[in-house]
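Chemist: Take a look at this one; I'll ask things after.
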Ligand code: NDP
């Protein structure tokens with residue numbers, strides 16, 4: 001008998017007491033492993049996540065979590081060959097496995113790097129600017145995000161045993177929320193192997209990730225208002241879980257990614273033989289055969305201008321005839337198997353549904369020539385291309401055949417096209433192949449309300465395009481309506497999904513203390529030591545230097561104009577400047593004001609300030625004229641040590657005022673400041 005897969009719960013591996021159900025190879029039906037969740041303490045796992053995993057993650061900042069994910073991604077990459085070997089048994093070719101394995105690990109690394117760049121080295125994320133809520137400024141408000149105190153339950157489909165869980169785990173981990181991963185039974189042996197390597201790496205805190213293999217029917221029962229469920233799978237299961245009393249009544253945050261009848265549109269501007277025509281057909285065929293079409297993002301509906309339908313069908317059929325189906329290890333094979341015989345039966349059933357209105361123009365659902373394996377014991381099938389029938393027929397817009405299957409549908413004009421695509425009731429992705437910018441705008445804006453992502457493909461971006469079917473960690477992956485409303489990816493948006501946004505109101509001092517960022521209205525501390533003489537350990541929020549005044553002369557303005565070449569009339573030409581309705585006379589360059597301010601606040605001697613790497617939010621508020629005198633106030637606003645660097649970032653609040661105390665410029669100065677030895 002083959003090995004029984006184990007769950008990893010409450011800090012240890014757990015083997016069920018019974019023999020479990022066999023999991024069969026997609027290639028030849030041989031038994032690979034057995035699976036059972038009998039005896040797994042689901043409530044205990046949830047409790048362990050909340051009481052051990054959550055607190056352990058809470059002790060780490062976003063940057064520390066990112067460092068752990070990065071190290072994990074690198075460790076998994078180093079050992080990925082064993083994952084590839086096992087992945088073949090799911091029916092995947094090497095290229096398919098790359099999407100799953102490298103794609104999954106790449107998502108970890110992408111989240112790690114984004115978190116380091118876009119999140120503070122803290123546990124609180126500040127959302128937007130401070131809102132002034134009172135006349136005198138003693139009462140202000142701002143939004144903060146903090147990690148929810150629950151567990152992120154991730155229920156995954158069979159088609160991506162690696163990427164499926166890593167793409168959900170990464171943003172939850174960065175947010176500081178522990179995960180319980182529940183893979184689909186069929187391919188759980190691969191998830192279990194990767195998970196084993198994760199546990200062995202020792203890189204993630206105890207309780208931050210747990211694995212439940214086998215059925216987990218009661219998994220939502222212990223959940224409550226701080227917990228979330230991210231589900232990928234069939235629409236039926238999604239609907240059943242969405243109706244769970246804890247989702248409906250206890251506020252469990254539930255997102256799903258279920259059926260998605262993704263569309264690909266050939267623009268009405270494209271003619272047969274254009275490079276865009278070739279791109280369209282190539283992409284359609286690629287999406288049919290990669291992962292044998294078992295991708296939530298695969299093209300199911302191919303919309304083509306009526307006059308070009310025959311040409312597209314002919315070109316696609318010619319390419320599909322080149323596809324070699326068989327054992328991914330055999331030479332020349334370009335498409336592997338479906339994940340199981342049951343899955344193949346499901347797809348055949350869906351094709352029968354589609355043929356109520358459409359007709360098959362390529363392939364036979366019941367028979368396929370197979371290289372290097374047996375067509376009966378393996379879950380192989382031919383790619384199937386259909387031509388849609390009556391435009392009113394519902395099937396192509398309702399039935400997701402989760403395999404190498406697509407239906408070509410015709411349209412007459414863009415208005416009708418948008419209505420037809422919308423009949424999918426919300427999808428993960430659509431692509432539009434056109435070289436006409438006006439059409440691209442019209443179609444994208446028409447389709448956008450129904451989609452999470454839209455790819456516009458033409459001969460200019462084709463070479464570098466990541467393709468229709470590839471969700472990217474930095475862009476939304478999820479879609480409205482039928483697609484489920486999930487958004488696992490999408491850069492930091494995916495992280496914030498696991499956090500609670502709270503509006504905090506109080507004095508500026510309170511907001512400074514809560515958000516760990518100095519808020520205007522909080523005391524400024526002016527000491528004997530210039531803040532530029534303090535290293536990252538010595539500097540405190542609110543440390544301030546007030547410098548000036550400095551009178552701006554007409555000669556300064558003329559000199560700056562000559563020196564930089566910025567001889568815009570408002571700085572040079574009395575008559576023209578006088579006629580300017582905003583200025584009514586010569587004014588100083590905004591950049592002169594900023595430069596003079598730097599000249600005032602800088603402490604020139606070598607010291608802990610290493611570099612100025614930019615300014616944010618620069619605004620010129622009041623014109624500066626000759627004889628105005630400028631004073632600048634610079635205050636340490638946020639202090640962020642960088643992981644594994646000898647320095648950190650300091651953001652300074654800068655306000656330049658004139659002799660009437662009117663603000664003439666406000667901005668944030670960004671510097672790199674050396675750490676002390678011990679930081
Ligand atoms: P299922 O909905 O049957 O299963 C998905 C996941 O949910 C599995 O991990 C399954 O576990 C789990 N599950 C099922 N019931 C429960 C429950 N009551 N409580 C907790 N977990 C549960 O989908 P499949 O993976 O079998 O895929 C079936 C079809 O779904 C595909 O043929 C395809 O049409 C569609 N699909 C759509 C996707 C998309 O995004 N568009 C992606 C993947 C699939 P277990 O395996 O142990 O039953």
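Quick note: the coordinates plus some simple rules give every number you see, no bench work behind them. Only a predicted model underlies this, so the values are computations on that prediction, with no experimental measurement involved. All Cβ positions, glycine included, derive from the backbone under ideal geometry; neighbour counts span all protein chains shown.
Chemist: Pull out the extension gain between residue 356 and residue 390, defined as 0.36 nm times the separation in residues minus the alpha carbon to alpha carbon distance; nm, one decimal. Don't skip to the answer; put the middle values down first.
Modeler: Numbers: separation 34, 0.36 × 34 = 12.24 nm, distance 1.03 nm.
My answer for the length gained is 11.2 nm.
Chemist: In the stretch 196-293, how does Rg compare with the Kirkwood Rh, expressed as the Rg/Rh ratio over alpha carbon atoms? Intermediate values should be presented prior to the final figure.
Modeler: Details: Rg = 21.1 Å, Rh = 17.8 Å.
Across the stretch 196-293, the Cα-based Rg/Rh ratio is 1.19.
Chemist: With axes computed from alpha carbons, what is the tilt in degrees of helix 275-289 against the longest principal axis of the chain, rounded to the nearest 10 within 0 to 90?
Modeler: 60
Chemist: For the stretch 268-339, build the convex hull from the C-alpha positions and give me its volume per residue in Å³. Provide the component values of the computation, followed by the final result.
Modeler: Details: hull volume 6.8 nm³, N = 72.
Per-residue hull volume (Cα only) is 94 Å³.
Chemist: A further question follows. In whole angstrom, how long is each semi-axis of the equivalent ellipsoid of the stretch 41-193, when you take the square root of 5 times every eigenvalue of its Cα gyration tensor and sort them from largest down? The partial results should precede the final answer.
Modeler: On the way: eigenvalues 254, 64, 34 Å².
Over the Cα atoms of the stretch 41-193, the semi-axes work out to 36, 18, 13 Å.
Chemist: Moving on to the next point. Report, as a whole number in µm² per second, the diffusion coefficient that Stokes-Einstein gives for the stretch 523-674 at 4 °C and 1.567 mPa s using the Kirkwood radius over alpha carbon pairs. Mind dumping the intermediate values first?
Modeler: Working: Rh = 16.5 Å.
Rounded, D is 79 µm²/s.
Chemist: Can you tell me what share of the DSSP beta bridges in the chain is antiparallel? A percent to the nearest 5 is fine. Before the final figure, lay out the partial values.
Modeler: On the way: 60 of 104 bridges.
Among the beta bridges of the chain, antiparallel pairing accounts for roughly 60 percent.
Chemist: Where the centroid of each part is defined by its Cα atoms, how far is the stretch 88-115 from the stretch 450-511 in Å?
Modeler: Using only Cα atoms to place each centre, the spacing works out to 19 Å.
Chemist: Using the 2.2 N^0.38 Å rule of thumb for compact globular proteins, work out how the stretch 171-222 stacks up: its C-alpha Rg over that value, please.
Modeler: Cα-based Rg divided by the globular estimate yields 1.20.
Chemist: On the principal axes of its Cα set, how long, how wide and how thick is the stretch 263-470? Give whole Å, largest value first.
Modeler: 51, 36, 30
Chemist: Still on this model: Specify the angular offset, from 0 to 90 degrees and rounded to the nearest 10, of the alpha carbon long axis of helix 590-601 from the longest principal axis of the alpha carbons in the chain.
Modeler: The angle comes out near 70 degrees.
Chemist: If you average the C-alpha positions of the stretch 178-249 and of the stretch 573-630 separately, how far apart do those two centres end up, in angstrom?
Modeler: Rounded to whole Å, the Cα centres lie 56 Å apart.
Chemist: As a check on your grasp of the helix formula, calculate [θ] at 222 nm for the chain: sum -39500 (n - 2.57) over DSSP H runs of n ≥ 4, divide by the residue count, round to the nearest 500. Please report the intermediate quantities before stating the final value.
Modeler: Details: 21 runs with 211 residues, N = 679.
Roughly -9000 deg cm²/dmol at 222 nm, from the helical runs in the chain.
Chemist: Another question, if that's okay. Please list log₁₀ I(q)/I(0) at q = 0.08, 0.10, 0.11 Å⁻¹ for the chain, using the Debye equation with identical point scatterers on the alpha-carbon positions.
Modeler: -0.74, -1.00, -1.11
Chemist: Another question about this same structure. Using 10 Å bins from zero, what percent of all Cα-Cα pairs in the stretch 599-669 falls into each bin?
Modeler: 17, 44, 27, 10, 2
Chemist: So, one more: Which whole number in µm²/s is D for the stretch 409-502 by Stokes-Einstein, with the Kirkwood Rh taken over Cα pairs at 25 °C and 0.890 mPa s?
Modeler: On the way: Rh = 14.4 Å.
Using the Kirkwood radius from Cα pairs, D works out to 170 µm²/s.
Chemist: Moving on. If you project the alpha carbons of the stretch 443-551 onto their three principal axes, what span does each projection cover, largest first, in Å?
Modeler: The Cα atoms of the stretch 443-551 stretch 61, 35, 31 Å along the principal axes, largest first.
Chemist: How far is helix 94-118 tilted off the main Cα axis of the chain, in degrees rounded to 10, range 0 to 90?
Modeler: 20
Chemist: How large are Rg and Dmax for the stretch 1-115 when calculated on the C-alpha trace, in angstrom?
Modeler: Rg, Dmax (Cα atoms, Å): 17.4, 48.
Chemist: Over the chain, what is the relative contact order in whole percent, taking alpha-carbon pairs under 8 Å and six or more residues apart?
Modeler: Details: 1550 pairs, mean separation 85.9, N = 679.
So the answer I get is 13 percent.
Chemist: With each pseudo-label sitting 7 Å past Cα toward Cβ, what's the residue 616-residue 134 distance in nm, one decimal?
Modeler: Inter-label distance under the simple model: 2.6 nm.
Chemist: What three numbers, in Å, describe the spread of the alpha carbons of the stretch 1-60 along their principal axes, ordered from the longest?
Modeler: So the extents along the principal axes, rounded to whole Å, are 48, 24, 14.
Chemist: So if the hydrodynamic radius of the stretch 28-72 is defined as the Kirkwood radius over C-alpha pairs, what does Stokes-Einstein give as its diffusion coefficient at 37 °C and 0.692 mPa s, in µm² per second? Could the numbers behind the result be given before it?
Modeler: Numbers: Rh = 13.7 Å.
The estimated diffusion coefficient comes to 239 µm²/s.
Chemist: Please state the relative contact order of the stretch 523-674 as a whole percent: Cα pairs under 8 Å, 6+ residues apart?
Modeler: Values: 318 pairs, mean separation 42.0, N = 152.
For the stretch 523-674, the relative contact order is 28 percent.
Chemist: Rg and Dmax of the stretch 422-463 over Cα atoms: what are they, in angstrom?
Modeler: Just the Cα atoms of the stretch 422-463 yield Rg and Dmax of 10.6, 31 Å.
Chemist: With no solvent and one equal point scatterer placed on each C-alpha of the stretch 107-240, evaluate the Debye formula and give log10 I(q)/I(0) for q = 0.10, 0.19, 0.22 Å⁻¹, two decimals.
Modeler: After summing over all Cα pairs, the log10 values are -0.42, -1.14, -1.40.
Chemist: Ranked highest first by the average count of other Cβ atoms within 10 Å around their residues, in what order do 578-588, 141-151, 331-341 fall? Display every interim value, and only then the final one.
Modeler: Numbers: 578-588: 14.8, 141-151: 19.6, 331-341: 21.5.
Top to bottom by mean Cβ count within 10 Å: 331-341, 141-151, 578-588.
Chemist: Another one. Using only alpha carbon positions, build the gyration tensor of the stretch 332-448, then give the equivalent ellipsoid semi-axes as the square roots of 5 times its eigenvalues, largest first, whole angstrom.
Modeler: Details: eigenvalues 198, 52, 30 Å².
Those come to 31, 16, 12 Å.
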